[in-house]
Structure formats: C-alpha cells, structure tokens
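Structure, as structure tokens:
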Amino acid sequence: MNMFEHRVPPPVVALLLAAGMGWAAGWTSSWPWMAGLQLALVGGMVGLGLLFDMSGLLAFVRRRTTVNPLRPERATALVTDGIYRFTRNPMYVGMCCVLLAWALYLWSPQALLGPAVFVAWITRFQIVPEERVLEQVFGDEFRAYCARVRRWI
C-alpha cells in the first residue's frame, strides 16, 4: 500500500488541481474561440458532471452503502444499477467533467492538464486500491461487474 492510497479525498484532489489550473492559466494566452461557444461548453460540462455525481451518490444512498471513498471496506452493497451500468466510477467521472469545464472556462491549453492529472491520480491512488478492497469484499460478483462495465466511460 502506498502512502497516498485512500489518504486524500477525491474532492480535495480536484480542488487542488482546479487551483493549479487557475494559476497556470494566468501565465498563458487563451484560446481564440467565441465566448458564446465557450459558455455553452462550460455549462454543458458542468451539467454533465453534476448529473454523473448526483446519479452515483443517489444510487449509493438508495442502497444504504457508504459514500466515503477513503473507507471502501465499509461497503455493504455492490451498486451495479443506474449510472453504474455505464461506469464503475460515476462520481469521479463527474469531478473530471467539472474540471474539464473549468479548463474550458479558463480557456487555456495548459489548464487541460488538470483533468488528465486528475484521471491519473484518482486511478492510481483511489480507484485501483478501492478495486482491491471491493474484490476482497464482493469476490466473483465484483470481478463479473468489472468484466462488463468500464472503469471510467
């Protein structure tokens, strides 16, 4: 186990990256696109991100299982319905969409590194360790779920 596994809450990772993206955008030139298109893209990505986040959260609440990403061993149910039929990690997909919206709002090519770093960090330090725990807790049921549903999208 690595010292970063299950130690930093994913929303904190996203907020730190968002701050870094804002800083990076301050010293770069912006993309020369139309403002209307920019706002439509930002609004669409925020909406999509919130849809993924809330759908994932509500599915966990309905099944009365933990939503704490730092304690996956407390899971009492394997949620595989609803949004979880399309992605095993809808809340992380949602956070990534919001970071992408922020990058589009900043209108800076360097800001696009934020969502990429988020995916890499969350995969390595959150998702992979979560999957190890869920495989121990749910066994064959979890392995079958992983075989039919993608990790991201």
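So here's what we get for this one:
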| item | result |
| --- | --- |
| Pairs of Cα atoms farther than 24 Å apart, the chain, % | 36 |
| GNM top mover of Trp23, Trp107, Trp121 - the chain, alpha-carbon springs below 10 Å | Trp23 |
| Lys/Arg +1, Asp/Glu -1 at C-beta; the chain dipole; positive extreme among Pro115, Gly20, Ala144 | Ala144 |
| Between helix 35-62 and the chain: long-axis angle, C-alpha atoms, 0 to 90°, nearest 10 | 10 |
| Cα centre as origin, Lys/Arg/Asp/Glu Cβ charges: the chain dipole, Debye | 200 |
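Quick note: the coordinates plus some simple rules give every number you see, no bench work behind them. These numbers come from a predicted model, not from an experiment. Heads up, the Cβs are rebuilt from the backbone with ideal geometry, glycines too, and the neighbour counts pull from every protein chain shown.
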